[in-house]
1. How many Å² of accessible area per residue for the chain, probe 1.4 Å?
2. I want the local charge near Ser43. Using Cβ-Cβ distances under 12 Å, sum +1 for each Lys or Arg and -1 for each Asp or Glu among the other residues.
3. Lys and Arg at +1, Asp and Glu at -1: add these up for the other residues within a Cβ distance under 13 Å of Lys64 and post the number.
4. What value does the chain have for Rg/Rh, both radii from Cα atoms and Rh as Kirkwood defines it?
5. Put a dot 7 Å past each Cα toward the Cβ at Lys52 and Val32; how far apart are the dots in nm?
6. Sorted by average packing, counted as other Cβ atoms within 10 angstrom per residue and highest first, what order do 69-75, 17-23 take?
7. For Asp24 and Arg60 in one chain, what is 0.36 nm times their gap in residues minus the Cα-Cα distance, to one decimal in nm?
8. Label points 7 Å out from Cα along the Cβ direction at Ile75 and Met45: separation in nm?
Amino acid sequence: MRYCELCGRPADHPHHVFGASNRDKSEQYGMVAYLCHRCHINSNMAVHRCRKTDLMLKIRYQEKFEAENPDKSFIEIFGRNYK
């Protein structure tokens, strides 16, 4: 069982942290956060409703990417710096 990366509840919603045009890259580099329904969609602080929550995940996953891929440029691959 997976648990929500934001609140710890059981999670069944994969969230592509860098979506839209970067959705495939999110999959390729493991930038998919598992979230519960509430944290994904259904609360005022949910990642799809709250810019602060969305940005927090983007920063966390950018740091993860940089730690796991020191030979690659996050900005060149994802087109932006979130930190």
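The values are calculated or read from the model by the stated rules, or taken from the named source; none is laboratory data. All of these numbers come straight from a predicted model, not from anything done at the bench. Note that each Cβ is placed from the backbone with ideal geometry, even for glycine, and that neighbours are counted across all protein chains shown. Calculation scope for accessible area: heavy atoms of the full protein, side chains included, ligands and nucleic acids excluded. Shrake-Rupley method; radii C 1.70, N 1.55, O 1.52, S 1.80 Å.
1. Counting only protein heavy atoms, the per-residue value for the chain is 63 Å².
2. +3
3. Summing Lys/Arg as +1 and Asp/Glu as -1 gives 0.
4. Reported Rg/Rh (Cα atoms, Kirkwood Rh): 0.97.
5. It works out to 3.0 nm between the two label points.
6. 17-23, 69-75
7. 11.1 nm
8. 3.2
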